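Notes follow the structure.
The values are calculated or read from the model by the stated rules, or taken from the named source; none is laboratory data. Bear in mind the structure is a predicted one, so any value in this text is a computation, not a measurement. Here the Cβ is made from the backbone with ideal geometry for all residues, glycine too, and neighbour counts use every protein chain on show.
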Amino acid sequence: MNWNKSILLAAALFAASAQVNAQDNLINALKNNVSDNSKEGFKFTEIINLGNTSIKNQGRSGTCWSYSGNSFLESEMIRMGKQPIEISQIFTARNTYIEKAKNFVRLHGDQAQGDGGQLHDVLTIFRQYGAVPREAYTGLPDGQNLNNFSEMGPLLQGITETVAKQDKPSKYWLNAFSAAMDSYLGKAPESFQYKGKTFTPRTFADEVIGLNPDDYVGITSFEDHAYYKPFVLLIPDNWSFERFQNVQINDLTDIIDNALQNGYTVAWATDVSEKSFSWKNGVAYVPEKSFETMTKEEQETMFNGPKNEPKITAAQRQEAFDNYSTTDDHGMHIVGLVKDQNGKEYYIVKNSWGESNDYKGYMYATKEYVRYKTISILLHKKALTKNMQSKLGV
């Protein structure tokens with residue numbers, strides 16, 4: 001079968017079905033969450049700032065989970081005394097899309113698609129496919145310096161949706177799916193040169209990066225499941241039905257604090273579609289009043305300096321998740337801790353939207369925001385206290 005013709009046919013069939021890039025929508029929605037002179041209103045003092053690699057830009061792609069997850073692995077290399085390497089985010093994403101597509105077809109189309117994923121997908125792909133340095137696989141066509149999946153995404157979705165509707169899917173569809181990605185991203189290397197030596201993705205992951213995926217644990221907090229037990233987190237992008245350890249709400253920040261104090265960074269999946277999350281000003285917190293009940297002046301000055309916050313309960317956290325107020329929007333990387341002029345602590349959060357805000361790609365999230373809006377965290381098991389390791393059985 002001529003796969004080039006198949007790709008052109010699929011493109012013709014599905015180009016008409018428009019799909020708005022979710023990441024673009026998210027960033028555009030946050031553009032109004034801005035206060036004038038915000039940076040002048042905060043005086044942050046650094047408490048902890050752990051090693052991390054340079055700020056990246058995921059472009060027009062919903063690959064935040066791959067950028068933040070690989071940033072986390074790069075910091076793990078630093079922690080282990082290794083020379084950090086920029087790991088190819090698109091190698092991870094590409095192979096995730098292949099595994100996600102297989103699941104989608106096996107479930108007869110009853111699963112979410114799109115660019116999204118979870119932080120643990122980075123470890124899943126590391127275990128199954130290995131990893132490559134970005135210099136060996138950028139996933140960028142000639143003349144393009146940022147990801148743009150706005151055309152590829154609907155095409156891939158069209159292929160899998162068509163296959164899932166078949167009475168008996170052929171054995172060829174995955175070749176067509178992979179060929180479509182080859183057309184946009186280029187073929188993933190089977191071997192490559194790095195510092196004068198030839199590697200495969202498997203040998204590079206094992207010999208150069210040298211991390212063990214089994215050393216990491218995903219954690220969340222919801223009161224409708226038993227605490228200190230694992231459960232499958234029901235969010236659309238958990239396509240692999242991964243289980244997360246369930247802890248109490250205050251454990252979330254206690255765990256992050258302990259990790260940072262002992263030199264471990266934390267990958268963070270969270271809801272950022274809040275009026276109290278300002279990417280431009282680089283601040284996220286929980287306001288005492290809802291945006292709708294604020295005066296115009298209060299709305300316009302939401303980020304012009306430290307604000308009081310309410311104490312969030314486990315019931316409020318659960319309710320926000322159940323009524324879709326808290327959604328699985330974005331993955332980022334917690335790399336440190338600061339305090340403001342009033343002594344309140346905020347996490348230093350590394351993002352993947354370029355250096356496009358007041359803090360050149362970083363931002364500051366209060367602990368209350370993290371307790372309220374976290375979907376999950378990913379960290380090394382040894383970053384947990386001995387007591388928490390025992391409670392979770394890890």
Give the residue that is nearest to Lys367 (Cα to Cα), with candidates limited to residues of region 274-328 that are assigned to a strand (DSSP E or B) and of a type outside the set (S, T, N, Q). Ala284
Keeping to region 274-302, report how many residues are crowded, with 17+ Cβ neighbours inside 10 Å and either β-branched (Val, Ile, Thr) or touching a residue at least 60 places away in the same chain (Cβ under 8 Å) (or both). 14
Among (1) crowded, with 21+ Cβ neighbours inside 10 Å; (2) within 14 Å of Gly69 (Cα to Cα); (3) not charged (D, E, K, R), where does Thr124 come up short? (1)
What is the one condition in (1) out of contact with any Lys or Arg (no Cβ under 7 Å at 6 or more places or on another chain); (2) farther than 30 Å from Asn342 by Cα that Ser54 does not satisfy? (2)
Only one of (1) surrounded by 14 or more Cβ atoms within 10 Å (Cβ to Cβ); (2) charged (D, E, K, R); (3) more than 24 Å from Leu233 (Cβ to Cβ) is not met by Asp115, so which one is it? (3)
Quick one: which of Ile348, Ile334, Ile375 is farther than 21 Å from Thr63 by Cβ, crowded, with 19+ Cβ neighbours inside 10 Å and either within 20 Å of the chain's Cα centre (by Cα) or at pLDDT 95 or above (or both)? Ile348
Complete set of residues in region 186-241 that are of a type in the set (S, T, N, Q) and either outside any loop (DSSP other than H, G, I, E, B) or buried (at least 21 other Cβ atoms within 10 Å of the Cβ) (or both): Gln193, Thr198, Thr203, Thr220, Ser221, Asn238
Kindly provide the set of residues from region 300-329 that are polar (S, T, N, Q) and touching a Lys or Arg at 6+ places or on another chain (Cβ under 8 Å), ordered by number. Thr326
If Ile159 satisfies all but one of (1) buried (at least 21 other Cβ atoms within 10 Å of the Cβ); (2) of a type in the set (A, V, I, L, M, F, W, C); (3) under 26 Å from Ile375 (Cα atoms), what's the number of the condition it fails? (3)
All-but-one check, Asp329 against (1) among the charged types (D, E, K, R); (2) surrounded by fewer than 19 Cβ atoms within 10 Å (Cβ to Cβ); (3) at pLDDT below 95, failing number (2)
In region 337-358, what residues are more than 17 Å from Asn49 (Cβ to Cβ) and in a strand (DSSP E or B)? Trp353
Need the failing condition index for Asp340 against (1) in contact (Cβ under 8 Å) with a residue 40 or more places away in the chain; (2) on the phi > 0 side of the Ramachandran plot, just the number. (2)
Qualifying residue in region 163-178 (condition: within 25 Å of the chain's Cα centre (by Cα), part of a helix (DSSP H, G or I) and either acidic (Asp, Glu) or within 17 Å of Asn103 (Cβ to Cβ) (or both)): yes
Return the pairs, sorted by first residue and then second, in which the second residue is part of a loop (DSSP other than H, G, I, E, B) and hydroxyl-bearing (Ser, Thr, Tyr), the first residue lies in region 182-206 and is free of Cβ contacts under 8 Å to residues at least 12 places away in the same chain, the beta carbons are less than 6 Å apart, and the residues are 6+ apart or on different chains. Ser191/Thr200; Thr198/Ser191
Phe321 passes all but one of the listed conditions (1) in contact with a strand residue (DSSP E or B) (Cβ under 7 Å, 6 or more places away or on another chain); (2) buried (at least 21 other Cβ atoms within 10 Å of the Cβ); the exception is number (1)
Give the number of residues within region 207-237 that are within 23 Å of Lys391 (Cβ to Cβ), of a type in the set (Val, Ile, Thr) and touching a residue at least 24 places away in the same chain (Cβ under 8 Å). 3
Name the one entry in Ser54, Ser68, Ser88, Ser35 that is hydroxyl-bearing (Ser, Thr, Tyr), at pLDDT 95 or above, surrounded by 16 or more Cβ atoms within 10 Å (Cβ to Cβ) and under 23 Å from Val272 (Cα atoms). Ser68
Scope region 251-273; condition assigned to a loop (DSSP other than H, G, I, E, B) and of a type outside the set (A, V, I, L, M); matching residues: Asn262, Gly263, Tyr264, Thr265, Asp271, Ser273
When (1) more than 29 Å from Gln111 (Cα to Cα); (2) within 18 Å of the chain's Cα centre (by Cα); (3) not hydrophobic (A, V, I, L, M, F, W, C) are applied to Glu292, the one that fails is (2)
Can you find even one residue in region 150-162 that is in contact with a strand residue (DSSP E or B) (Cβ under 9 Å, 6 or more places away or on another chain), at pLDDT below 95 and under 20 Å from Gly331 (Cβ atoms)? yes
